[in-house]
Amino acid sequence: MMTIENLEKYNPSHFYDVKSQLKDYVYNNTSKLLENGKTRRNLILTKDELRQRQCYVRSKFLDSIGGMPSCETPLDPVVTGVVQSDDFHIEKVIYQSRPNCFVTANLYMPDGLKNPSGAVLFLCGHDPLAKHSYEYQMVCQCLTKRGIIVLAIDPVGQGERVSYYEEGSEIISRGTAEHTHAGLQCLMTGYPSARYFLQDAIRGIDYLLTRPEVDPDNIGVTGNSGGGTQTCMVMLCDDRVKAFAPGTYITSYEENILSGVPQDSEQNWPGFLKYGFEHEDILLSAAPKPVAVLAASYDFFPIEGTRKTVENAKKYWKLWGKEDNLYYYEDVTQHSYSFDLALKAAEFFTRSLEIENREDITLEDIHIINPKKLWCTKKGQIKEEKRNSRFIYEENLSLLNRMKKDVCTKENAYQWLKEQVYHQRDICALNLRKISRLEYNDLSIASYIWRSQERMMNHCLVFEENSNSDVTRSPTIAVWDGGTRQLKDHMEWIQNECEKGRKVLVLNTSGVGGIAPYQTGAQKVDDKFGTIYKLADDLIRSGDSLCALRIFDVIRSVDMLQDLDAAKCRDIRIHVCGWQGIYGILAAFLDERIESVSIEEPVLTYNSWVAERYYENEPVSIILPKALRFFDIDNVIGWMKEENRIEICKGDRS
């Protein structure tokens, strides 16, 4: 006789390795996409073919981030103060990127400029202090002491631009936590957060071009880590830039995916890998302009990917006869914009931007300034000074409210959802196995596994009363958070359903319950930046989603029931609860074999989550990118109510 605790711990790994399969599935599918991209790149033999590829990459990148917001907003720049150093001065600048979206920036200006000079936009990585951190001040000083004008801007969620700042406290930690908190919500509207990071950078270039000290024909961009990501986005989009130096970011998706290291939302461009794009495509988009790839030998961005990507990219510059315009600098250090890399960047930009050489510098020439002296705002946060400031959450909420006014149609929603759920699926024979027979109180329990797709097993526990086995029991598929790992909270409902003469199939969709994956990385499987987050992130980048995959799994569980006993498979119902219950609702919307759905309150919707400023649960597993352009869960429930296929119930959980 099993206890509930033992049932919750049960998994079918004694029969089949179910814990490696989700990771293997994601990696193998991604590898196929990347191989297709490699085949296409190998066909680039002329400058015209390269130009076509550049246009194609740019177009699909812009599609992946929902296009660019309007750039018609006046910059309205304000210089709030000036700090003088030994041979340069720093202007404290605030400009407006979009309506009421204020960007805080430091403009490093070399003393003694006689003519307009080349300028570099510096884009920060995820350091909490952003432009005021030791590392980034050091880099900016290295550049400006060599005669380069530098504009260093705070990314949203860092430095003086903390979004979730209330009465002197950060409710959501700045940096990766904040970027992901807001960024996940943006995926649902189809306007990913990357577009806002990109536009802030492009408006920074707009600002540089307003300055009489700047030579408009000699603009460069650099940054490392998250700033390297932003540099690459600008590389894909802005023709005004003459030279780029992305740091400690360029590797290859092939190697990066295998590393198991997650990234936050602005670094995930939905569907970008669907077209087989690699970091090599990011580099080729800039050919034949001067590009310096800055790398760290001991980086968590795999260095083997960096070396291979740069080597492969050389041929695109060679087509133009400008092989010398692609540079590669590698420092034997860990993930950072090191002093040696800063010196190499300064050397690269002085040459590429036609800047008159100044004396070489040493680390002793760098004098870090107290961040408070560099604040553009009085108290160190733009939100304290401009109460009407808008950040990513507010911008996405405006889009959400606009979408609510659009009319959703059942036909459009059905066709779009069907495409998401069935796209990239590798349907195969179920190969159903009954692998265990268990008991709990007066219930018999059978454990089944079957192939939802090639190399992908799903699992369930089927509960029914111990009695005459010839009795026909119609099935209810149960879909809730945690699957068979969360039986205790639902056991009263299971028993009641079985007493009604039905059998209950508690379903584990891919990566849930007894078939949860092994932990990869430092975080627990279901935690923020844990295994599920990483794999969901990879799927979204590949034009898929964990949500769509699991909806497909629910539909395949209906196939499994019919395969088990088609004669007894009548009146199939689904019971759902919690966020993962969304899989069951949307599966029933697509599959009319499911007679009805009972929804345990509260009824959760995408709108309610996306509109929530401070949410607690990590919702990555239910994200269906762009869904809110076509429907919300309450729309689907309404359409199914018209067919008498929905019941809302309070539930019997103890």
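Of note:
- Any hit, region 403-417, residues being more than 17 Å from residue 140 (Cα to Cα) and of a type in the set (Ser, Thr, Tyr): yes
- Every condition in (1) surrounded by fewer than 23 Cβ atoms within 10 Å (Cβ to Cβ); (2) not in a strand (DSSP E or B) holds for residue 625 except the one numbered (1).
- Among residues of region 2-24 that are among the aromatic types (Phe, Trp, Tyr), those with a Cβ under 8 angstrom from a residue that is assigned to a helix (DSSP H, G or I), sequence gap 6+ or separate chain, pair up as 10/484; 10/514.
- Entirely in region 367-477, the helices (runs of 4 or more DSSP H) that have 3 or more residues that are in contact with a Cys (Cβ under 8 Å, 6 or more places away or on another chain) and buried (at least 16 other Cβ atoms within 10 Å of the Cβ): 392-404
- Filter result (loosely packed, with under 15 Cβ neighbours inside 10 Å and outside any loop (DSSP other than H, G, I, E, B)) within region 607-622: 608
- The condition (being touching a residue at least 40 places away in the same chain (Cβ under 8 Å), within 23 Å of residue 200 (Cα to Cα) and touching a Phe, Trp or Tyr at 6+ places or on another chain (Cβ under 9 Å)) is satisfied by just one residue among 44, 65: 65.
- Scanning region 382-403 turns up no residue that is within 30 Å of residue 25 (Cβ to Cβ) and hydroxyl-bearing (Ser, Thr, Tyr).
- Within region 487-504, at least one residue is in a helix (DSSP H, G or I), in contact with a Lys or Arg (Cβ under 8 Å, 6 or more places away or on another chain) and surrounded by fewer than 19 Cβ atoms within 10 Å (Cβ to Cβ).
- Applying the set (1) among the β-branched types (Val, Ile, Thr); (2) touching a helix residue (DSSP H, G or I) at 6+ places or on another chain (Cβ under 6 Å); (3) buried (at least 20 other Cβ atoms within 10 Å of the Cβ); (4) over 30 Å from residue 394 (Cα atoms) to residue 83 leaves exactly one unmet item: (3).
- Subset tally (residues that are of a type in the set (Gly, Ala, Ser), in a helix (DSSP H, G or I) and within 15 Å of residue 65 (Cα to Cα)) for region 170-200: 3
- Among the residues of region 213-255, the ones that are part of a loop (DSSP other than H, G, I, E, B) and farther than 23 Å from residue 176 by Cα come to 6 in all.
- Region 248-280: number of residues that are surrounded by fewer than 24 Cβ atoms within 10 Å (Cβ to Cβ) and in contact with a strand residue (DSSP E or B) (Cβ under 7 Å, 6 or more places away or on another chain): 0
- Members of region 505-539 that are assigned to a helix (DSSP H, G or I), touching a Lys or Arg at 6+ places or on another chain (Cβ under 9 Å) and either small (Gly, Ala, Ser) or over 16 Å from residue 27 (Cβ atoms) (or both): 513, 514, 515
- Test result for residue 281, charged (D, E, K, R) and either outside the structural domain of residue 178 (by TED's automatic domain parsing) or under 15 Å from residue 309 (Cβ atoms) (or both): yes
- Of everything in region 592-606 that is surrounded by fewer than 18 Cβ atoms within 10 Å (Cβ to Cβ) and not in a strand (DSSP E or B), the residue that is nearest to the chain's Cα centre (by Cα) is 605.
- Any hit, region 493-514, residues being of a type outside the set (Val, Ile, Thr) and closer than 30 Å to residue 275 by Cα: yes
- Only residues that are within 26 Å of residue 126 (Cα to Cα) and either in a helix (DSSP H, G or I) or not hydrophobic (A, V, I, L, M, F, W, C) (or both) were counted across region 326-359, and they come to 22.
- Residue that is nearest to residue 269 (Cα to Cα), among those in region 217-237 that are among the hydroxyl-bearing types (Ser, Thr, Tyr) and touching a helix residue (DSSP H, G or I) at 6+ places or on another chain (Cβ under 9 Å): 229
- Cross-chain or 6+ apart pairs with Cβ under 7 Å, region 622-644 first and touching a residue at least 60 places away in the same chain (Cβ under 8 Å), then among the hydroxyl-bearing types (Ser, Thr, Tyr) and surrounded by 18 or more Cβ atoms within 10 Å (Cβ to Cβ): 623/545; 624/545; 625/545; 627/606; 628/189; 628/606; 632/606
- Among the residues of region 124-173, the ones that are without any contact (Cβ under 8 Å) to a residue 60 or more places away in the chain, touching a strand residue (DSSP E or B) at 6+ places or on another chain (Cβ under 7 Å) and either more than 14 Å from residue 201 (Cβ to Cβ) or surrounded by fewer than 20 Cβ atoms within 10 Å (Cβ to Cβ) (or both) come to 3 in all.
- Test: residue 60 is under 28 Å from the mean Cα position of the chain (by Cα), modelled with pLDDT of 95 or more and surrounded by 15 or more Cβ atoms within 10 Å (Cβ to Cβ): yes
The values are calculated or read from the model by the stated rules, or taken from the named source; none is laboratory data. Keep in mind the model is a prediction, meaning the values are calculated, not measured. Here Cβ is always computed from backbone atoms with ideal geometry, including for glycine, and neighbour counts include all displayed protein chains.
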